[in-house]
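Remarks on the structure that follows.
The values are calculated or read from the model by the stated rules, or taken from the named source; none is laboratory data. In this text the structure is predicted, and so the values were computed from the model without any measurement. Using ideal geometry, Cβ is built from the backbone for each residue, glycine included, and neighbour counts are taken over all protein chains shown.
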Amino acid sequence: MSQESQESTATLEPTTSVLDNAAWYSLVGRHAALSEGNELARRFLPEVSRFAGVADWEHPDVWDAIVDLVGRDAPFPFSGNRPTLPHGWAVDASGEGVQLVETDALVTRPDDEAVVLGAADVPAMLDLVARTQPGPFSPRTHELGRYVGIRRGGALVAMAGERLQPDGWTEISAVCTDAEHRGQGLATRLVLDVAHHVRERGDRALLHAAATNTGAIAIYERLGFTLRRRTTFGQLRTPA
């Protein structure tokens, strides 16, 4: 490897490596004020998000730290590599996912029809999420970042926004469109709008999707995202 390549890799690696534990670096970084926990295990406030994270699954005290945070016989969400569990722990649920990151092929643009969503829009956001199932969304999830939507006849019919924000990166999430308004490219427009504003503040965009959602993954790849890694999303249960 040339010296120039080595220098380039050394520059990029600290930023890219946070994506291996994106939830944790968001919880202890930009979103620390919206989280609770200790130096080894943290979670978002329940009304904000279901995500949680740990500093290092190999740390000998991490399991006690999780119990200290959530209690006995309690759920603890995880993402990334599935950890090896000690005796008494269980996996409540688990699913395979993918992590995609933007490339230079991504051409972003603001959308004139996109409106910024806030606290007053929460009932409409929750209703749209309930009908379209893009993933977990709580009453205060919109506080994690900038959420935008498109309305038709006064009704919110499409949405996208920002969720995890590990240093240097912002996750685009809650991408959804009402069934009666699909096929019009509304979700694509909102993804490009969100990505545009992510870049404006100096971040790069990433996405997570269920591995089975091949249609959405193909769309993201056509837009200019590329697969970075396969990952696991699930929920552990602490010992009773």
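I'd like to check something: does the stretch 109-116 contain any residue that is assigned by TED's automatic domain parsing to the domain that holds His181, modelled with pLDDT of 95 or more and either closer than 28 Å to Ala240 by Cβ or surrounded by 17 or more Cβ atoms within 10 Å (Cβ to Cβ) (or both)?
Residues of the stretch 109-116 assigned by TED's automatic domain parsing to the domain that holds His181: 109-116.
From what's left, modelled with pLDDT of 95 or more: 109-116.
Now restrict to residues that are either closer than 28 Å to Ala240 by Cβ or surrounded by 17 or more Cβ atoms within 10 Å (Cβ to Cβ) (or both): 111, 114.
Within the stretch 109-116, one or more residues are assigned by TED's automatic domain parsing to the domain that holds His181, modelled with pLDDT of 95 or more and either closer than 28 Å to Ala240 by Cβ or surrounded by 17 or more Cβ atoms within 10 Å (Cβ to Cβ) (or both).
For the condition outside any helix (DSSP H, G or I), among the basic types (Lys, Arg) and modelled with pLDDT of 95 or more, what is the one hit in Arg43, Arg82?
Checking each option against the conditions leaves just Arg43.
Applying the selection to the stretch 211-240, what residues are closer than 30 Å to Arg72 by Cβ and either within 17 Å of the chain's Cα centre (by Cα) or of a type in the set (Gly, Ala, Ser) (or both)?
The answer is Thr231, Thr232, Phe233, Gly234, Gln235, Ala240.
Restrict the check to the stretch 80-88 and report whether at least one residue is of a type in the set (Ser, Thr, Tyr) and exposed (fewer than 12 other Cβ atoms within 10 Å of the Cβ).
Yes, some residue in the stretch 80-88 is of a type in the set (Ser, Thr, Tyr) and exposed (fewer than 12 other Cβ atoms within 10 Å of the Cβ).
If you check Pro136 against the conditions, is it surrounded by fewer than 18 Cβ atoms within 10 Å (Cβ to Cβ) and modelled with pLDDT under 95?
Taking the combined requirement at face value, the residue satisfies it.
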